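Input: a single structure, listed below in C-alpha cells.
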Amino acid sequence: MHTIRNLTHSLAMLTAFFSLAGALLRAADTQPAAQDKEKPLIEVLRSGPRPEKALACKQLAIHGTSQAVPELAALLADEQLASWARIALEAIPDPSADEALRKATHALKGKLLVGAINSLGVRRDVGAVDALVSHLKNQDVEVAAAAAIALGHISNPPATQALRQSLASATGQLRSAAAEGCVLCAERLMADGKNDAATEIYEQVRKAEVPKPRILEATRGEILARGAAGLPLLIEQLRSADKQFFQIGLTTARQLQATGVADALGAELAHATPERAALLLHALADRTEHVVPPAVVEAAKSGPKAVRIAAIEFMGRWGDQSCVSALLPIASEADSDLALTAKTALAGLAGGKVDAEIAARLSTADANSLPVLIELIGQRRIDATPALVKALDHPDAAIRRSALTALGNTVGPEKLSVLISQVVAPKEPADLEVAQKALRAASIRMPNRDACSGELGAALARAPASAKASLLETIGAVGGPRALEVIGAAMKDGDPELQDIGSRALGEWMSVDAAPVLLELAKNSKEEKLQARALRGYVRLARQFAMPSKQRAQMCQTALDAAKHPSEQKLVLAVLERYPSVDTLEVAIAALEKPAMKEDAKQSIAKMAQKLSGKSAEADAMLAKSGIELPRMQIVKAEYGAGTSLKDVTQVLQGLASATLQITLPAPNYNESFGGDPAPGVVKQLKIQYRINGKTGEATFAENAAIELPAPK
C-alpha cells in the first residue's frame, strides 16, 4: 500500500513539474513553432529505438499536444515505456489524453493497469469515476487499491460516495486504500470550506478498522475540521499513552486555529509528565497567537526543572510586561540554570512597556531583585540614571558595581561627570576597576566625541596622579581631533607613564592627524623606547592610510631623517616599495646618499623599478640618473614538469623578467600560469637557466614556490 502511494506521489510531483514547464513553454511558443518541436518527437515514437522513445516522451510532456496522444497511448501496454508515456499523457492539456487513459483501463492488467489508474488520479479526471468505481471490485487488490486512491484525488461527490461505501464493506488492503481515498476527499472538502462534510468522513475513517497511519491522518483532519469543537479530541490525543497519537496531537496543536487552544494546552501541563510538558510548551510556542496562558506562568514558578525552564523560555519569547513580576524572583533563585534562563527571558521581552515596568520597580526593589533589575537596565539600555546614581551609594558592593556597569551602558552626555567622579574619587578602592570600564564604555558611546574628550581632558587636568592614566586611556579610546589635542598636551608634561599611554594610543590612531604629535615625540622624547614607538606609529600612518603621493613621500623622507636604527629605516623603505611613484622614488634615490642605507635603498629602488620602468618617462630618467646598475636578467631556458613530462615555459618567463631578481606569475599556481598541467598527479618542479649581468645561473623551484633567482657567483 505504501509503495502504491509513494509511487503515485512521485509521479504526481514529476507530472506537476513537466506540466508547469510545458505550460510556460507552450505560452511562449507560437503554434507553428510548437508543431515544429512536436512532429519529430512523434516520429521517434513511431520508429525510433527504445532509449530515444523514452527521451521523446519526456520532451512531449513539455511540447506535446493532442497530436501526440495516439502514439503515446500505444505505449501504455509496453512494460518498459508505459511509465514514460504516462508522464507525457498526464501533462498534455487536452481531453484526448483523459480518453486514452480511460480506454487503457479496459485493456490493461496488473502493474500497467495500476499505472494508468494512477495517471487518471493525477489528472483528476471526473469522466473516469465510473470506470474507477468498477475497479474497486477488481480481483487484483493492487488495482483496486490504486482505484481507491485515484478516486480520492478526483474527490467529486460520486467518487466520495463510492469510497465511503467501500470503506464500510471492504477488507484488508483495499479498506486501507479506501480510507486513504476518503482522507483525500475530506481534505478537498475542507479546502472548499465544507468542514461539516469533511468531519463526517474523517470520523468514519477514524472509527474504521484500518491501519494506524490512516487513523492518525483522520484524527488530525477531524480536529482541524471541527475547529474549537475539536479541542476535546485534541486533548484526548495529548493524554494518549500511545506516542504516535501524542505526536499527532502536538502537530495538530500547532495547526489548529481556534479560540481557547492556548489555554487548553496550558491547562494540560498539570496532567503531563515533565518530558511531555516540555513538548507541549514547545508546541504552544510555535503557535501564532503569542499569548502566555496563566498555566504557563504557574509552570515557570514551580514544578520539575525541565518544565520550568521550558515555561520560562516560552515567556521570554512571547511574554510582555505582565511577565516581569513572575520572572524576577526566578532570576534571583539559587539554581544558576533557572536564574540565567529567567534573566535571559527578561532581557528578551519586547516593548517599551517592559522597560517602563523594570524601571518602575527599582525604587521599591528588595535586596534580591535589585541586582537583577540593575543588570537588566544595563542590558536593555533603559534610561534610569537617577535610580542608578542613587545605587552608587548602596552599602552592598555588588549592587554598586552593577550600577556602575549599567551607567556605562546607559548614561547620557549630561551625566558623564558621574562616572568621571567615580574614577577620580571612587567610593571604595575595589570599585575603581569597574568604574574605569564603565567610563570607557560610556565615553565611546557619546554622540559628540570632541565634547566628550573635552570634558575628560578638563577632568584630567585637575585629577590626582592616580587617576590620570585611566582618564588618558579613555581619551585615547574616544579618538577624534579634540582627543588628539588632549593627548599631545598631556605628553608634554614629561610624566613617563602618561607619555607611555599616550604613545600607545597614538600608535593605533585611525587618522593621519596624529602624525605631527608622533613626529614631535619621536624627535624630542628623552626615552629611546618612546622615540622608537612614536616613529613606528608615524610610519604606520604613512603605510596604512590613503593620501596624495607627495604627502606620503614627504612623510617617508621625514621618517628617514628621524630614524636612528636600520630596522626603522627598513620600515620606511618598505613603505616606498609598497607605493612606487615618482615622488617616493625620489625619496629612495636620495637615501643612497646615506652610507648606512645605500644597499637597502638599492634593493628598494630595484623593486620600485619593476613597477615603474617604462610607465613614466620621469621615473625612467630618475633611474638612469641615479647611477644604479639595475640587474639585467635574461631567461635562457625554463622547463616545468616531472621526469620526461616537461613543458617549455621559457617564453612565459622571458615575458615576466624584470629589473628585480623576483618573477611574479600572473596566476596563483604554476599550472594556471604555464597553461596546463604537464604531469597530472605528480609532484613537479620548475627549472630555470638564466643570466644576470652576464653571469650564468641555474635554479630549481618546487611546484608553486615563490620565484626569486639567486645572484650568480
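Flag: Val183 does not match the condition of being over 48 Å from the mean Cα position of the chain (by Cα) and either free of Cβ contacts under 8 Å to residues at least 60 places away in the same chain or under 30 Å from Glu209 (Cα atoms) (or both).
Conditions tested, residue by residue: (1) more than 25 Å from Ile688 (Cα to Cα); (2) of a type outside the set (D, E, K, R); (3) out of contact with any strand residue (DSSP E or B) (no Cβ under 7 Å at 6 or more places or on another chain); (4) surrounded by 16 or more Cβ atoms within 10 Å (Cβ to Cβ).
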| site | (1), (2), (3), (4) |
| --- | --- |
| Glu593 | yes, no, yes, no |
| Ala596 | yes, yes, yes, no |
| Thr644 | no, yes, yes, no |
| Val649 | no, yes, no, yes |
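Quick check, is Leu132 in a helix (DSSP H, G or I) and under 23 Å from Leu81 (Cβ atoms)? In short, no. For region 144-160, the criterion of a residue being of a type outside the set (Ser, Thr, Tyr) and farther than 25 Å from Leu89 by Cβ is satisfied by at least one position.
Checked against (1) open to solvent by less than 50 Å² (accessible area, probe 1.4 Å); (2) under 28 Å from Ile309 (Cβ atoms); (3) without any contact (Cβ under 8 Å) to a residue 40 or more places away in the chain; (4) not aromatic (Phe, Trp, Tyr), Leu373 meets all criteria but (3). Screening Lys564 with (1) assigned to a loop (DSSP other than H, G, I, E, B); (2) free of Cβ contacts under 8 Å to residues at least 24 places away in the same chain; (3) not polar (S, T, N, Q) gives one miss only, at (2). Against the condition touching a residue at least 40 places away in the same chain (Cβ under 8 Å), farther than 28 Å from Ala391 by Cα, of a type in the set (A, V, I, L, M) and part of a helix (DSSP H, G or I), how does Leu284 come out, does it pass? So Leu284 fails the test. Of the residues Ala128, Ala159, Ala177, only one is modelled with pLDDT of 95 or more, closer than 25 Å to Pro70 by Cβ and out of contact with any strand residue (DSSP E or B) (no Cβ under 6 Å at 6 or more places or on another chain); which? Every option except Ala128 fails the conditions.
The set of residues from region 261-281 being open to solvent by 20 Å² or more (accessible area, probe 1.4 Å), part of a helix (DSSP H, G or I) and either of a type outside the set (A, V, I, L, M, F, W, C) or more than 26 Å from Gln321 (Cβ to Cβ) (or both) comprises Asp263, Pro274, Glu275, Arg276, Leu279. Only one entry in Thr410, Thr341, Thr385 is of a type in the set (Val, Ile, Thr) and closer than 28 Å to Ile309 by Cα, namely Thr341. Please verify whether region 243-260 includes one or more residues that are at pLDDT 90 or above, surrounded by fewer than 21 Cβ atoms within 10 Å (Cβ to Cβ), within 14 Å of Phe314 (Cβ to Cβ) and under 37 Å from the mean Cα position of the chain (by Cα). Within region 243-260, one or more residues are at pLDDT 90 or above, surrounded by fewer than 21 Cβ atoms within 10 Å (Cβ to Cβ), within 14 Å of Phe314 (Cβ to Cβ) and under 37 Å from the mean Cα position of the chain (by Cα).
Each row is one residue, and each column tells you yes or no for (1) of a type in the set (S, T, N, Q); (2) closer than 19 Å to Ala107 by Cα; (3) free of Cβ contacts under 8 Å to residues at least 24 places away in the same chain; (4) surrounded by 24 or more Cβ atoms within 10 Å (Cβ to Cβ).
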{"position": "Ala131", "(1), (2), (3), (4)": "no, yes, no, no"}
{"position": "Leu136", "(1), (2), (3), (4)": "no, yes, no, no"}
{"position": "Gln139", "(1), (2), (3), (4)": "yes, yes, yes, no"}
{"position": "Ala150", "(1), (2), (3), (4)": "no, yes, no, yes"}
{"position": "Thr160", "(1), (2), (3), (4)": "yes, no, no, no"}
{"position": "Arg188", "(1), (2), (3), (4)": "no, no, no, no"}
{"position": "Gly193", "(1), (2), (3), (4)": "no, no, yes, no"}
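In the set (1) among the acidic types (Asp, Glu); (2) outside any helix (DSSP H, G or I); (3) within 33 Å of the chain's Cα centre (by Cα), Asp366 fails one condition alone, (3).
Considering region 629-713, the qualifying strands (runs of 3 or more DSSP E), each wholly inside and each with 2 or more residues that are touching a residue at least 60 places away in the same chain (Cβ under 8 Å), run over 633-642. Exactly one residue among Asp513, Asp500, Asp450, Asp493 is open to solvent by 10 Å² or more (accessible area, probe 1.4 Å) and free of Cβ contacts under 8 Å to residues at least 24 places away in the same chain, and that residue is Asp493. The set of residues in region 197-235 that are free of Cβ contacts under 8 Å to residues at least 12 places away in the same chain and open to solvent by 60 Å² or more (accessible area, probe 1.4 Å) comprises Glu200, Lys207, Ala229, Pro232.
Considering the conditions (1) open to solvent by 80 Å² or more (accessible area, probe 1.4 Å); (2) among the aliphatic types (A, V, I, L, M); (3) under 28 Å from Tyr579 (Cβ atoms), Ala711 is excluded by exactly one of them, (1). Close Cβ contacts (under 6 Å, 6 or more residues apart or on different chains) running from residues in region 38-62 that are part of a helix (DSSP H, G or I) to residues that are of a type in the set (D, E, K, R) and open to solvent by 70 Å² or more (accessible area, probe 1.4 Å) comprise Val44/Glu52.
Residues that are surrounded by fewer than 21 Cβ atoms within 10 Å (Cβ to Cβ) and closer than 15 Å to Ala489 by Cβ within region 458-467 comprise Ala458, Ala461, Arg462, Ala463, listed in sequence order. Applying the condition of being in a helix (DSSP H, G or I) and among the small types (Gly, Ala, Ser) to region 328-350 and asking which residue is nearest to the chain's Cα centre (by Cα) yields Gly348.
The values are calculated or read from the model by the stated rules, or taken from the named source; none is laboratory data. Everything numeric in this text was worked out from a predicted model, so none of it was measured. Every residue, glycine among them, receives a Cβ derived from its backbone with ideal geometry; neighbour counts consider all protein chains shown. Note: areas computed on protein heavy atoms with side chains; ligands, DNA, RNA excluded. Shrake-Rupley method; radii C 1.70, N 1.55, O 1.52, S 1.80 Å.
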